[in-house]
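As structure tokens, the structure follows; a few thoughts come after it.
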There are 2 protein chains.
Amino acid sequence: MTGIEGKRDHGGGVDGAAARYGGTRADWIDLSTGINPLPYPVPEFTADAWTALPDRGAFDALYAAARAFWNVPDGAGILAAPGASALIARIPALEPAGRVHIPAPTYNEHWAAFRAHGWQEGQGDALVVVHPNNPDGRIWTGADLAGDRRLTVIDESFGDVMPAASLVHLAEQPGVIVLKSFGKFWGLAGLRLGFAIARPETIVRLAELIGPWAVSGPGLETGAAALRDMDWAEVTRQRLAQESERLDTSMTRAGATVVGGTTLFRLYDVGDAMAWQDRLAQRHVWSRIFPYSDRWLRLGLPGREAHWARLEEALS
Amino acid sequence: MTGIEGKRDHGGGVDGAAARYGGTRADWIDLSTGINPLPYPVPEFTADAWTALPDRGAFDALYAAARAFWNVPDGAGILAAPGASALIARIPALEPAGRVHIPAPTYNEHWAAFRAHGWQEGQGDALVVVHPNNPDGRIWTGADLAGDRRLTVIDESFGDVMPAASLVHLAEQPGVIVLKSFGKFWGLAGLRLGFAIARPETIVRLAELIGPWAVSGPGLETGAAALRDMDWAEVTRQRLAQESERLDTSMTRAGATVVGGTTLFRLYDVGDAMAWQDRLAQRHVWSRIFPYSDRWLRLGLPGREAHWARLEEALS
């Protein structure tokens, strides 16, 4: 039996942690991802959402909301997909294989997808930046991305906590693709919804690679409702900022040093990452460590006071 | 703004019909698809279904249920995707472009996908059959598919009404891919769930092309529940058989001749297909006609007695 999840190093995997440390999945607090723990409330769906093939009207409503929410430039089109992951897996097929530069460390699915399509590492034909970067929170500017190449991917999956830094205005330029994710900021990773923003000729080709009716009816309706709800977004940004400060306070008090991150996840230098992960796992708190660093630990935000209490107890 | 739905000729498109003939979408009876109008009841979801990245456990539960339901041979693996469409769009990337034979008439997304990947029409490297075929219900046997080629796609999207005819046992053979759809028989097209069944080495490559976490949490949970529910499937098969007979009776009484189909949709020779579509559309019943035939009309099943009544009135 083949599963496609968990083949590469990723957050998540609480099932695996529970198998090793005990408890059921429900006993665990999963801080290994950067998913907002207080998600956008899933709306009531229309009768058609589950049963009908998503119609043009549902896509158009979502695209109108997305265009307004992200200030998509007039010269760019939008494509919805079942998660930013679906787009990441397909983007390397847009151009003949060449050299792609992906500044490390970063989210590893980009390189996996380019490699699977025969690309080599190196400067020249394509550049991928995660903005802000995962896990260290690095911000990129238009100047960082200047230069001639066939493909420039700007993955803003965690960008909705800091909309002023968005590089979406670059999506009008040839070969630039800006990615947006619905799973992180809105906390609905199970919904599978992500977006590509790029020039219309690029969008048409990506759409062909993704196939028709790519997004579920509930996904279309939830996405449209959430992207129209500017108030929820603003209140959420403020709350995430406060809670990430609280997490920094707890962690620095316990001896960690802040390396960076966003207000959806925080990256710490803890000296011995495996020992810290183990210590938290004893209390059924699951964290993220990285194959390329033995000092870094990444944490998402606890969603409830009881979860904060358990984390703080595990750190004390 | 770019939508990916509706670029090719397809069923659905009630929004367009309503714009032309009047009424709101809710006023229309959509018989233009082959979707079961009495869908599998969507279960209560776990708390994680919307908010967490689908974990290995959720995929494994779905795959175990799928393996049992479809009698998947031991030598084959399974991959879940956001709709059979997502798989159809990606399959041509598994092999270098060559010649593909797709017996016509049939579902047009297969050829569109192969063409987009640079394939030419012709015998030799790949064969695609829809089994039973859409729109005429043609059944294929193992003997029909014999022969040496790199890729053999058996699209059983409508096959669950006649499980005894399934060719799933061929999925152990190199280069054979059997597709299954959740949207038609279970009536949940908005859920976006489809499956590929093939040898493990093919499944691994398809998974790479689809990307991780391809299916929504609600999709995984609904799929697992439905595929375990053999009783619902059996009762549904009997009901669909009775209702498709009822549809044939109404249509032949009105002057149509049965060409074929499955118990999810029926294909009729009506003489003047556009005139019949127009006549039904005046009563806000939407039907399917085809660019390659001016005589054929395809109808799905009405889901309620009031819908039957309106159809029969339109036919009288």
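What number comes out for accessible area per residue over segment A:202-316 if the probe is 1.4 Å? Units Å², please.
Details: 4730 Å² over 115 residues.
On a per-residue basis, 41 Å².
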Open item on the list: Residue by residue through segment A:174-185, what is 3J(HN,Hα) from phi via Karplus (6.51 cos²θ - 1.76 cosθ + 1.60, θ = phi - 60°)? Round to whole Hz and write x for glycine and proline.
Closed with: x, x, 8, 10, 9, 9, 10, 10, 9, x, 7, 4
Open item on the list: If I take the Cα coordinates of segment A:77-231 and project them onto the principal axes, what are the three extents in Å, biggest first?
Closed with: 40, 32, 26
- [ ] Quickly estimate the mean residue ellipticity at 222 nm for the protein assembly as shown, helices only: each DSSP H run with n ≥ 4 gives -39500 (n - 2.57), and the total goes over all residues, rounded to 500.
- [x] -10500 deg cm²/dmol
Task: Amide hydrogen neighbours beyond the local backbone of B:GLY124, cut-off 5 Å, H modeled - done: B:HIS101
Task: Of B:GLY190, B:GLY261, B:GLY300, the one that fluctuates the most in a GNM where chain B has Cα springs shorter than 10 Å - done: B:GLY190
- [ ] Please report, largest first and rounded to whole Å, the three semi-axes of the ellipsoid equivalent to segment B:270-316, where each semi-axis is the square root of five times an eigenvalue of the C-alpha gyration tensor.
- [x] 20, 11, 8
Task: Shielding score for A:57-66, defined as the mean number of other chain Cβ atoms within 10 Å - done: 3
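Would you mind giving the average projected area, over all directions, of the Cα convex hull of chain B in nm² with one decimal?
Numbers: hull surface 66.7 nm².
In nm², the orientation-averaged hull projection of chain B is 16.7.
Over every pair of different alpha-carbon atoms in segment A:110-178, take the mean of 1/r and invert it; report that Kirkwood radius in Å.
On the way: mean 1/r = 0.0787 Å⁻¹.
Across segment A:110-178, the inverse of the average 1/r is 12.7 Å.
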- [ ] Would you compute the Debye intensity of segment B:1-160 from its alpha-carbon atoms alone, equal scatterers and no solvent, and pass along log10 I(q)/I(0) at q = 0.17 Å⁻¹ to two decimals?
- [x] -1.28
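Taking both sides together, what accessible area is buried at the B/A interface, probe 1.4 Å, expressed in Å² and rounded to the nearest 100? Let's see the in-between values first.
Numbers: alone 14540 and 14530 Å², together 23720 Å².
Using a 1.4 Å probe on protein heavy atoms, the buried area is about 5400 Å².
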Task: Average silhouette area of segment A:195-295, convex hull of alpha-carbon atoms, in square nanometres - done: 10.1 nm²
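Please report, in cubic angstrom per residue, the volume enclosed by the convex hull of the alpha-carbon atoms of segment B:46-112. Before the final figure, lay out the partial values.
Numbers: hull volume 11.1 nm³, N = 67.
Hull volume over Cα atoms, normalised by residue count, gives 166 Å³.
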- [ ] Largest first and in whole Å, give the semi-axes of the protein assembly as shown's equivalent ellipsoid, each being the square root of 5 times a Cα gyration tensor eigenvalue.
- [x] 43, 25, 25
- [ ] Starting from a label point 7 Å past Cα on the Cβ side, list the distances from B:ALA26 to the same position in the other copies, nm, shortest first.
- [x] 3.7
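Where Lys and Arg each count +1 and Asp and Glu each count -1, what net charge lies around A:GLY260 among other residues with Cβ under 15 Å from its Cβ?
Values: positive: A:ARG138, A:ARG266, A:ARG288, A:ARG295, A:ARG298; negative: A:ASP136, A:GLU245, A:ASP248, A:ASP269.
Net local charge, A:GLY260 excluded: +1.
Net charge near B:ARG310, counting Lys/Arg +1 and Asp/Glu -1 over other residues with Cβ under 13 Å of its Cβ? Provide the component values of the computation, followed by the final result.
Details: positive: B:ARG279, B:ARG283, B:ARG304; negative: B:ASP27, B:ASP30, B:GLU305, B:GLU312, B:GLU313.
Taking every Cβ under 13 Å from that of B:ARG310, the sum is -2.
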Task: Chain A Cβ-axis minimum, rotational copy B, residue and distance in Å - done: A:PRO82, 2
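Relative contact order, percent, of chain B when contacts are C-alpha pairs under 8 Å separated by at least 6 residues?
Working: 590 pairs, mean separation 78.9, N = 316.
Relative contact order comes out at 25 percent.
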TODO: Can you list the distances in nanometres, one decimal and ascending, from the A:MET230 label point to the identical position in each other copy, with the point 7 Å along Cα to Cβ?
DONE: 5.7
Task: Teacher prompt: B:THR252 distances to equivalent labels in other copies, 7 Å Cα→Cβ, nm - done: 8.2
- [ ] Could you state the orientation-averaged shadow area of the convex hull built on the Cα atoms of segment B:143-224, in nm² to one decimal?
- [x] 6.1 nm²
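Can you sort A:ASP248, B:ASP155, B:ASP272 by solvent-accessible area, 1.4 Å probe, largest first? Intermediate results must be reported in sequence, preceding the final value.
Details: A:ASP248 25, B:ASP155 5, B:ASP272 80 Å².
My answer, sorted largest first, is B:ASP272, A:ASP248, B:ASP155.
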TODO: Specify the residue with the greatest mean-square fluctuation among B:GLY23, B:GLY13, B:GLY98, computed from a Gaussian network of chain B linking alpha-carbon atoms under 10 Å apart.
DONE: B:GLY23
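Using only alpha carbon positions, build the gyration tensor of segment B:202-252, then give the equivalent ellipsoid semi-axes as the square roots of 5 times its eigenvalues, largest first, whole angstrom.
Numbers: eigenvalues 247, 52, 20 Å².
Sorted largest first and rounded, they come to 35, 16, 10 Å.
Any idea what the relative contact order of segment B:47-228 is, in percent, if you count C-alpha pairs under 8 Å spaced at least 6 apart? Please list the in-between numbers first.
Values: 346 pairs, mean separation 58.5, N = 182.
It comes to 32 percent, rounded to a whole number.
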Open item on the list: Could you report the accessible area of B:TYR107 in Å², rounded to 10, computed with a 1.4 Å probe on the protein chains as they sit in the structure?
Closed with: 50 Å²
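The values are calculated or read from the model by the stated rules, or taken from the named source; none is laboratory data. Because the structure is predicted, anything quoted here is derived from the model rather than measured. Cβ coordinates were reconstructed from backbone atoms using ideal geometry, including for glycine residues, and neighbour counts include every protein chain displayed. To get the accessible areas, we keep the full protein, side chains included, count just its heavy atoms, and leave off ligands, DNA and RNA. Shrake-Rupley method; radii C 1.70, N 1.55, O 1.52, S 1.80 Å.
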